[in-house]
Amino acid sequence: MNKVLLIDDEERMLELLTLYLKPYPYFCRKAVGAKAGLKFVKEEKFDLILLDIMMPEMNGWEVCREIRQYSDVPIIMVTAREQKEDIVKGLKLGADDYITKPFNEEELVARMDALLRRTRPVNRIEVEGLLWDKDQFELSYKKQLVKLTPKEFAIIGLLMKNPGRVFSRNQLIDLVWGMHSETEGRTVDSHVRNMREKIREVGFPIDDYFHTVWGVGYKWIKN
């Protein structure tokens with residue numbers, strides 16, 4: 001169940017949004033007005049915020065700006081205004097998406113679902129029995145633990161989360177070792193070679209998924 005905060009100065013709109021979302025896996029917290037909404041954000045954790053723009057005491061742009069000072073919770077701006085400059089202003093202030101009134105529940109839920117997919121961190125991936133689990137800091141295949149070093153674990157996780165994307169050795173150094181690291185490309189190759197051999201030993205067909213792009217880097221071809 002995803003927890004969503006609805007911020008609007010009109011109670012009727014809050015009730016309508018709650019009714020729209022009732023059949024879906026969303027638990028709604030209703031805030032009447034900007035100040036009530038900001039209070040909720042500071043006191044509770046939310047998966048997403050639906051934020052109305054046109055409110056009297058403090059408009060949605062100001063609320064968005066304040067929220068972004070201490071939270072990266074996904075925000076969808078809700079507005080009756082369709083002027084491009086209004087939309088651009090909201091996005092520049094840190095909003096993630098917008099929807100204009102009137103809208104139907106299918107469009108609203110589709111935007112909410114899509115935003116959560118884009119912003120939710122991926123901590124667990126399973127491919128044909130190979131399970132990468134960030135929370136447990138484990139890689140396993142059919143319950144056989146693969147003993148990887150922290151760098152090897154980070155490399156395989158990065159590629160599994162981005163199937164089809166080629167990562168150069170320099171990109172892997174920046175993302176795994178850090179941008180100011182003096183690590184060289186051959187160190188990356190050594191970690192990759194050791195990692196692939198460990199995964200191969202437990203029976204997973206690593207070469208069907210993890211490919212070397214000669215002269216460039218590495219990629220995970222499918223999930």
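The values are calculated or read from the model by the stated rules, or taken from the named source; none is laboratory data. From a predicted model like this one, the values you see are computed outputs, not experimental measurements. No Cβ is skipped: glycine too gets one built from the backbone with ideal geometry, and neighbour counts run over all protein chains shown. Heads up: the accessible areas ignore ligands, DNA and RNA and are worked out on the full protein's heavy atoms, side chains in. Shrake-Rupley method; radii C 1.70, N 1.55, O 1.52, S 1.80 Å.
General observations
- All lysines inside 25 Å of Lys147 as judged from Cα atoms, apart from same-chain residues fewer than 8 positions distant: Lys134, Lys161, Lys198, Lys219, Lys222
- For Arg165, the residues whose amide H sits under 5 Å from its own are Trp220, ignoring neighbours fewer than 5 places away on the same chain, with H placed 1.01 Å from N.
- Unit charges at the beta carbon, dipole of segment 26-104: most positive-side option, Gly33, Ile67, Leu50: Gly33
- Label corresponding to Cα Rg over 2.2 N^0.38 Å when calculated from the structure given, among [x] 0.96; [y] 1.30; [z] 1.08: [y]
- Using θ = phi - 60° in the Karplus curve 6.51 cos²θ - 1.76 cosθ + 1.60, the 3J(HN,Hα) couplings for segment 181-195 round to 6, 9, 4, 9, x, 5, 5, 4, 4, 5, 5, 5, 4, 5, 4 Hz; x is entered for Gly and Pro.
- For segment 124-220, relative contact order (Cα pairs under 8 Å, six or more residues apart, normalised by length) works out to 27 percent.
- Surface share of carbon and sulfur [accessible, 1.4 angstrom probe, percent] for segment 154-194: 44 percent
- Net charge of the neighbourhood of Lys35, taken over other residues with C-beta under 12 Å away and scored Lys/Arg +1, Asp/Glu -1, is -2.
- Element breakdown for segment 1-125 at a 1.4 angstrom probe: carbon and sulfur atoms account for 51% of the accessible area.
- FRET E, pair Glu138, Ala36, Förster distance 41 Å, beta-carbon r, rounded to 0.05: 0.45
- Solvent exposure of segment 49-173 as accessible area per residue, Å², 1.4 Å probe: 54 Å²
- Multiplying the residue separation of Asp174 and Arg68 by 0.36 nm and removing their Cα-Cα distance gives an extension gain of 35.5 nm.
- Projected onto planes of every orientation and averaged, the convex hull of the alpha-carbon atoms in segment 152-223 covers 4.4 nm².
- Full extension of the segment from Thr187 to Val213, taken as 0.36 nm per residue of separation minus the current Cα-Cα distance, would add 7.7 nm.
- Residues of type lysines that Lys30 reaches as a straight line, Cα spacing below 23 Å, ignoring anything fewer than 8 places off in the same chain: Lys3, Lys22, Lys39, Lys42, Lys45, Lys101
- Each pair of Cα atoms in segment 45-122 enters the Kirkwood radius, and Stokes-Einstein at 10 °C and 1.306 mPa s then converts it into a translational diffusion coefficient of 124 µm²/s.
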